[in-house]
Each structure stands twice: as structure tokens, then as C-alpha cells.
1. Got at least one residue in the range 197-210 being within 26 Å of SER122 (Cα to Cα), surrounded by fewer than 19 Cβ atoms within 10 Å (Cβ to Cβ) and more than 16 Å from the ligand (Cβ to nearest atom)?
2. On the given criteria, is GLY72 away from the ligand (no atom under 13 Å from the Cβ), more than 21 Å from ARG195 (Cβ to Cβ) and part of a loop (DSSP other than H, G, I, E, B)?
3. Please specify each residue of the range 281-295 satisfying the condition of being part of a loop (DSSP other than H, G, I, E, B) and over 18 Å from ASN22 (Cα atoms).
4. Which one is nearest to the ligand (Cβ to nearest atom), of the residues in the range 54-69 that are more than 21 Å from CYS17 (Cβ to Cβ) and not charged (D, E, K, R)?
5. If you check SER23, SER101, SER48, SER39, which single one turns out to be polar (S, T, N, Q), open to solvent by less than 10 Å² (accessible area, probe 1.4 Å) and either within 20 Å of GLY215 (Cα to Cα) or more than 16 Å from the ligand (Cβ to nearest atom) (or both)?
6. Test ALA245 against the criterion of being open to solvent by 50 Å² or more (accessible area, probe 1.4 Å) and either away from the ligand (no atom under 16 Å from the Cβ) or not in a loop (DSSP other than H, G, I, E, B) (or both), and give yes or no.
7. Of these, SER95, SER78, which one is touching a strand residue (DSSP E or B) at 6+ places or on another chain (Cβ under 9 Å), more than 16 Å from the ligand (Cβ to nearest atom) and not in a loop (DSSP other than H, G, I, E, B)?
8. May I ask you to verify whether ARG192 is part of a loop (DSSP other than H, G, I, E, B), surrounded by fewer than 21 Cβ atoms within 10 Å (Cβ to Cβ) and of a type in the set (Lys, Arg)?
Amino acid sequence: MMETTSFVPADQIFKLCIEKFNSLPRTGKPTTNEWTVLSCIIQCDSNSKNAKVISLGTGTKCIGSDQLCEKGLILNDSHAEVMARRGFLRYLYASIRNYLSDGSPLAYNEQTGKYSIKNGISFHFFSTHAPCGDATIVSKSTGDEEIEPGTKKMKLSPEFTDNFTGAKLIAANENTDLMSQDEGAIRTKPGRGIRTLSVSCSDKLSRWNILGIQGALINIFLDKPVYFETLTFSGQVSEISVKRALYGRWRKVSFNSERYKLQMPRINICSPDLKFEFEQTTETDPSPASIVWADVQEKPLEVAVSGKRQGVTKSKRNTISEIYRKGPLKFIRGGKSA
Ligand SMILES: [Zn+2]
């Protein structure tokens, strides 16, 4: 087992995540002429010196606003970052249900009636690509761009060309150029066709840096929001752009909240020789499939194409998955079936 303190080396995180990806079955993985993004959430325990991947997501697609399902049976956003977070929520639900087991990262406080993260447990995020949207805009200007002293100007290889985002601006009036590369702006997911209603991964990750990763429902059960302690990226990533997108742009905004505080997790970039097998290239197409895996007992793996669950009959696809019927929904609704 590796040494884990509050900071786990970036290259070690990369290896753990790739090992987990390789251990999963072929279904939902890209073919040889496809690329995808891989994102993972890692749990570190400084007491046992243990680090493990607890959720994993792959995917590059997001459905247009014309394909939304009012029954909630189609995933709106299948980007890897969002899939990994989806798996993380399942992990948290399972941890709440099994809080008495040694493996649970949560402890229950009788006094407050809330769960808290055990001492020494921390959560870390990894992705093989900079989050879409603001984090992929690489500023051409130099000078006052440094967010923190010591931040490296750029960590780009010479062939780095992808220095703009295809994600469109939000809250623009008729005359606004939606493709304008304004820095720090909120955007929808990039993509052709009918525009999606989902915001970019840069915006979602930056939201998690303020409101926590746990979402509104699990928030009810926890004494504090859950935040990432570190964010690690492999591939061609501008450290400056990632810092700006994920927290730098909110540093001058005052948040009047006791519960929520803007987090500035450590950003780590992997050695350039560490490459994900299915990284984006000019010769490959984005994979239409996405995988979500979570470190849970029941049905840890799901595969979706265009937001629709795979590996089930069409009639079954149009129902709520058994794991949700028996699991989190029942739990949250006080035992009533969904
Ligand atoms: Zn994205």
C-alpha cells in the first residue's frame, strides 16, 4: 500500500485509476478508433495508509434539450466527470446504509443525528482531460495571469493546440457572440446540434468546490459538505486555466454562508509521459458510450449510450433501475417504494 497523507502523488493517482479502468469489462469502453475521458474519485485513509478508487466514469456526450426525458429515465449529462460523481453518490448512499461496517468512511453522531466523514478520510478527483468549458481556454495574455505565487505559467507540450472551448456562453443577449472566449464565464456543454441545458464540467466542478460534491439530498444527512482535497489531471492541461475555472474566478465573490466555503483544492498535473490509452486525437472519434462504476455491492457497473441504460431489455429500460428502487430512493423516502 502506498503512503497517503493529505497529498497523494499525481502519478500514483493516475496508476490507481488506470488499473481500475483496465479491470473493468470491455462493454462501454472505446473501440480502437474512439477516444473518451476517464474520471475517478479516490478515497484516501491516512490512518491505514490506503488509497482506493471508489467511483469511475467515462464519457463525452450530453443530450440536447430536445431529448430530455420527463420521467428522468435518460441521463442528461454523460461526461466522465459527471458519471464519476454519479458513482460517488451511490458510494455515499451505500456508506450511509452500512455506516456500522469497518469499511464505511462515515460515522454517525447520535447527538446531532448526522453523519460525518471519519478522521483521516479524504476524497480526491482525477481526470484524463481538463474539464470542458472555462478550464480549456488558455489565455494568450501574460503578466498578471498568475493566480497564486509559484503557479507555473503553462504546462503544455509544444503541440498543444486545443486552447479554446466549443462551449457556448450562458445568459447572453441576442447580440452576444456565444463562442466568445471570455474567461471565467458560465457555459453549456460543448457540442453540435440542439443545444444542451447542462452546464460545462468546469462550471459543475467549480460548483462542487463551493457547495460540496454530495448534492442536496445527501447534504441533509451530513454534518458538513464533502469537498475534494486534490484534483489531478493527466494529458494536455493548463494549470493556470484549471485554477481559474475551478475556483480562481470565484475568489473575489463573497459567500455569506457558515456551511459553504469556497475550496481551493491542490491541483496536480501528471508527468507528460503518462498517457491514457484512449486520449483524444485528431484521428479518433468520441465514444458514444459511457461507463459508471462505483465501489458498491449491488450492480457496481452501468453502461449507457446516448444517456440510455444498456444491457437491459427495452421494456426494462423504461423503468427505474432496481438498484434505485430498492436503494437510495427507499432510504430517502422513509421506506416507501419509489
Ligand atoms: Zn465535460
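1. Looking for residues that are within 26 Å of SER122 (Cα to Cα), surrounded by fewer than 19 Cβ atoms within 10 Å (Cβ to Cβ) and more than 16 Å from the ligand (Cβ to nearest atom), one finds at least one in the range 197-210, hence yes.
2. Answer is no for this residue.
3. Selection gives THR281, THR282, GLU283, THR284, PRO288.
4. Ranking the qualifying residues of the range 54-69, first place goes to CYS62.
5. Going through SER23, SER101, SER48, SER39 in turn, just one is polar (S, T, N, Q), open to solvent by less than 10 Å² (accessible area, probe 1.4 Å) and either within 20 Å of GLY215 (Cα to Cα) or more than 16 Å from the ligand (Cβ to nearest atom) (or both): SER39.
6. It is false that ALA245 is open to solvent by 50 Å² or more (accessible area, probe 1.4 Å) and either away from the ligand (no atom under 16 Å from the Cβ) or not in a loop (DSSP other than H, G, I, E, B) (or both).
7. Checking each option against the conditions leaves just SER95.
8. Answer is yes for this residue.
The values are calculated or read from the model by the stated rules, or taken from the named source; none is laboratory data. Computed from a prediction, not measured in an experiment: that's the story for all the values here. For neighbour counting, all protein chains shown are included, and Cβ atoms are generated from backbone atoms with ideal geometry for every residue, glycine included. Heavy atoms of the whole protein, side chains included, go into the accessibility calculation; ligands, DNA and RNA do not. Shrake-Rupley method; radii C 1.70, N 1.55, O 1.52, S 1.80 Å.
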